[in-house]
Every structure is written in structure tokens, then in C-alpha cells.
């Protein structure tokens, strides 16, 4: 029973370490209700993704934008321009395990018996991929919203998990887009 609880706790801690992190910021005073249409633009400075991943990422963002009432247009003038930038980096990951008890000097007679636990730790290097999504007002040529989803792009994942991770990252990233309208007091 104790072993099962320990394994369950480790599984929860490990999965929490792999959870996607999302950060966003937006231009104060922007009236996001005026925006209805968008199109995709191309970043000049970004790392390039393969065509399959590029399509998957755009489709995931398109699905979230559609849920929010935005319409993607390929031709003509649009309200917004969306540009994403992928990036990958190496990150150290430390995993530790504490047995909770051990032998040796402890609290028994004459310093013998049970005592503090033994902790073991492992370090590994993992590739962490993220993508930033920039949303520009096309008329003003200004950045109005920027979000970054970390731990979203991992080339070592299986294709099915890769797609789900991209979709989850897009959903989590655009959860707070457009920002809520602040009520005037």
C-alpha cells in the first residue's frame, strides 16, 4: 500500500513538471471587440518548423480563434495578423526520490535503529520547445497581444501525443484571448 502511494505521488509530481506553462501580455487600452478577421503572417527571425508541424500548429490556433468568433481570411484586408515563432532549448531536469526511512544512526538505543531516509537524485537534459504567438493590429501595425506556450514542441514525442500537446498548448494559450473588457467604475 505504501509503495503504491509513493508511486502515485511520484507520477503526479513528474507529470506536473511536464505541464505546459503559458504567459501572455497585451496592449492596455486596446478595444479587442473591434477585431473580427485575421490572417497568418510569416516571421522572418523565427526557427522554421517542418510543414507538418507548421500546419498542425496553425490548425490548432485556427480552431481556438474560430471558437472565439474570429474568421480567418486568406485574401483581402483583415483586422489582425497572427505570427508565431517556435524555439527550442535544453533544460536541466532533476528527479529525486526519498525513501522516507533508512537504517543507521537514528533514534533507537545507542544511536541505532531507524533514522532519516535516503534520498537519491538524477539529473537529465530535456529539450523544451515553445512557441510565441504575436497578434498585430494590421491597420495600426502594432503588436496588441503576445502569448508564449512552453513545453509544447517536443520532437521526441510520438506523433499522436505531439498533436495533442500542440492542441492543448494552443487552447491554453488562447484561453485569455481576447482579454476581458474592464468595466468602467
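The values are calculated or read from the model by the stated rules, or taken from the named source; none is laboratory data. In this text the structure is predicted, and so the values were computed from the model without any measurement. We place every Cβ from the backbone using ideal geometry, glycine too, and count neighbours over all the protein chains shown.
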Verdict on residue 135 being buried (at least 20 other Cβ atoms within 10 Å of the Cβ), on the phi < 0 side of the Ramachandran plot and part of a helix (DSSP H, G or I): no
Determine whether residue 39 is in a loop (DSSP other than H, G, I, E, B) and either modelled with pLDDT of 95 or more or more than 30 Å from residue 180 (Cβ to Cβ) (or both). no
Among the residues of segment 138-167, count how many are in a helix (DSSP H, G or I) and buried (at least 16 other Cβ atoms within 10 Å of the Cβ). 5
Among residues of segment 64-80 being touching a residue at least 12 places away in the same chain (Cβ under 8 Å), out of contact with any strand residue (DSSP E or B) (no Cβ under 7 Å at 6 or more places or on another chain) and closer than 15 Å to residue 176 by Cα, the residue surrounded by the most Cβ atoms within 10 Å (Cβ to Cβ) is 64
Residue in segment 22-35 that is modelled with the highest pLDDT, counting only those that are outside any strand (DSSP E or B) and touching a strand residue (DSSP E or B) at 6+ places or on another chain (Cβ under 6 Å): 35
